[in-house]
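This report concerns only the one structure given below.
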């Protein structure tokens, strides 16, 4: 191992047998371990019979703790960064520490491990030659609507994380925006109650109205058909242009949107929100 190095150590997302021999060695030989939650990582270290100094590094202390960790590494210490489950720095505060280390001239070395997004993508059977990762969708209304509209046009397979208490709302929103697009729902990956369901978004929304969502979910969304995505985009652009013409002619925004949506076939609510966003820019 190299002194003065940051190692990004992948940990299991459920099944402890997925931990690699190399990951165990790095955890044993590192000078200290930076963990998202020291209690969670402490259980893993106890299982491995590893006693090692730990320091917390998470979303709420990253700005203060990051420079402290960089200073320790610059002084020659070896840091192993772990998250609660999976690869650190993927949809995780570790990305900022990795960036700080690069800027300080510190070597950043990945120690590959399980990644829920990649596992779910492979499990889905959807095209994997081109795909995109969205992480968690925004919870605030405006940015959430903007991301959903982006996904509506996205032709690549797309991966979204979701917590059980927000799953029903997310599936309803996706079904409303993306229509009959297919989705693969991977739940509790590598764990005892692992499950994978594949159906259309409206079917998934209806299914989870009847069944209580349990565990963490990875949603793999089928990409839009390129012709359909282009058609929707063109329709919306025509509607935006017509709305601007009508408002310039003296119509209220609401009346202009109503008329433009009727003439172009664009969705009225989507067009109205788009115009409001443009006004606020």
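Structure notes:
- For the stretch 5-114, dividing the convex hull volume of the Cα atoms by the residue count gives 86 Å³ per residue.
- Within the stretch 129-165: backbone nitrogen closer than 19 Å to the residue 225 label point (7 Å, Cα to C-beta): 151-158
- Residue among 214, 254, 144 with the largest mean-square fluctuation in a Gaussian network model of the chain, springs linking Cα atoms under 10 Å: 254
- The stretch 117-224, relative contact order in percent, only Cα pairs under 8 angstrom and at least six apart counted: 35
- In the calculated pair-distance distribution of the stretch 117-224, the portion above 23 angstrom amounts to 17 percent of the Cα-Cα pairs.
- The chain, helix-only ellipticity at 222 nm - DSSP H runs n ≥ 4, -39,500 (n - 2.57), divided by all residues, nearest 500: -15500 deg cm²/dmol
- Stretch gain in nm, segment residue 32-residue 17, where the contour uses 0.36 nm per residue and the Cα spacing is subtracted: 3.1 nm
- Equivalent-ellipsoid semi-axes of the chain, from the Cα gyration tensor, Å, largest first: 44, 23, 15
- Calculated FRET efficiency for the pair residue 153/residue 84, C-beta based, R₀ 25 Å, to 0.05: 0.15
- For the stretch 200-255 versus the stretch 33-100, the gap between their alpha-carbon centres in whole angstrom: 39
- Considering only 72, 198, 168, the mean-square fluctuation computed in a Gaussian network model of the chain, springs between alpha carbons under 10 angstrom, is largest for 72.
- Considering only 30, 256, 224, the Gaussian network model of the chain with Cα springs below 10 Å gives its largest mean-square fluctuation to 256.
- Against the chain, whose longest principal axis comes from its Cα atoms, helix 38-48 is set at around 50 degrees.
- Estimated D of the stretch 227-280 in µm² per second, where Rh is the Kirkwood radius over Cα pairs and Stokes-Einstein applies at 20 °C, 1.002 mPa s: 198
- Across the chain, Cα pairs under 8 Å and at least six residues apart give a relative contact order of 17 percent.
Here, each number is a calculation from the coordinates, and none is a lab measurement. Predicted model, so just to flag it, every value in this text is computed and none were measured. Every residue, glycine as well, gets a Cβ built from its backbone with ideal geometry; the counts of neighbours run over all protein chains shown.
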